[in-house]
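Student: What follows is a structure written as structure tokens; I'll ask about it next.
Read-outs throughout are calculated quantities, based only on the coordinates presented, and are distinct from any laboratory measurement. Just so it is clear, the structure is predicted and the values come from calculations on it, not from any experiment. Here the Cβ is made from the backbone with ideal geometry for all residues, glycine too, and neighbour counts use every protein chain on show.
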Amino acid sequence: MNKEDIRKQFRVLQIIWGAMLCSLAIYVIICYLVGDTIRESADSGIPIELLRNFLFVLSICEITAIYFIRKIVLTVQSDLTPKEFLKKFIPLSVATYGIAESIGIFGLITYFLGDEVHILYIFIAISAGVLFYYRPVFEELDDYISKHAK
């Protein structure tokens, strides 16, 4: 597998990452456009402070899980061909991005249930930070393939 084939696969990963990052901005826009309407109709007896704290703890657990899953999977996959490695790496990355984006969804949920807008921003910022930290970088992928793959 040559660099051009790897680069094509990598571009797909970049598009997916970019779409997930843009979705966070869409969540904020949705909250501004229809958030007040949804908040008024969602008069629930849910203890919002308890839910918020639970979701913050769950977010920390998700971030920790992302780190260890990526570390374990990338360490175990060290004896694969570049093509086999990419078949494992791309779904792993997409799953990582999905888990990171779920943190932003937590903010959306709490906002719709009546929490303050700054809590939405905190969840969105955490999600964007995790997405940015695990963003696709071609040089890192290329170095890993050249060092570890057969």
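Student: Among (1) 16.9; (2) 16.2; (3) 15.8, only one was calculated for this model; which label is it, if the read-out is Kirkwood radius over Cα pairs in Å?
Tutor: Only one listed value fits the structure, namely (1).
Student: Given N residues in segment 58-124, what is its alpha carbon radius of gyration divided by 2.2 N^0.38 Å?
Tutor: Details: Rg = 15.8 Å, N = 67, 2.2 N^0.38 = 10.9 Å.
Scaled against compact globular proteins, the figure is 1.45.
Student: Now a separate question. Please compute P(r) over all alpha-carbon pairs of segment 92-150, binned at 5 Å starting from zero, and give each bin as a whole-number percent.
Tutor: Bin by bin from 0 Å, the calculated values are 4, 19, 20, 16, 13, 10, 7, 5, 4, 2, 0.
Student: Quick one: dipole size for the chain, taken about the Cα centre, charges +1 on Lys/Arg Cβ and -1 on Asp/Glu Cβ, in debye to the nearest 20.
Tutor: 760 debye
Student: Tell me the net charge near Ile109. Cut-off is 12 Å between Cβ atoms, Ile109 excluded, with +1 for each Lys or Arg and -1 for each Asp or Glu.
Tutor: That sum, taken over residues with Cβ under 12 Å, equals +1.
Student: Sort 28-35, 100-107 by the packing proxy (mean of other Cβ within 10 Å over each peptide's residues), most packed first.
Tutor: The most tightly packed comes first, giving 100-107, 28-35.
Student: So what is the relative contact order of segment 3-148, in percent, for Cα pairs below 8 Å that sit 6 or more residues apart? Before the final figure, lay out each step's value.
Tutor: Working: 108 pairs, mean separation 56.8, N = 146.
Worked out over segment 3-148, it gives 39 percent.
Student: State the answer as a single residue: which of Ala19, Phe106, Val57 lies farthest towards the positive end of the charge dipole of the chain, with beta carbon charges of +1 for Lys and Arg and -1 for Asp and Glu, about the Cα centre.
Tutor: Ala19
Student: Arranged from highest to lowest average of other beta-carbon atoms within 10 Å per residue, in what order do the peptides 65-71, 82-88, 108-114 appear?
Tutor: 108-114, 82-88, 65-71
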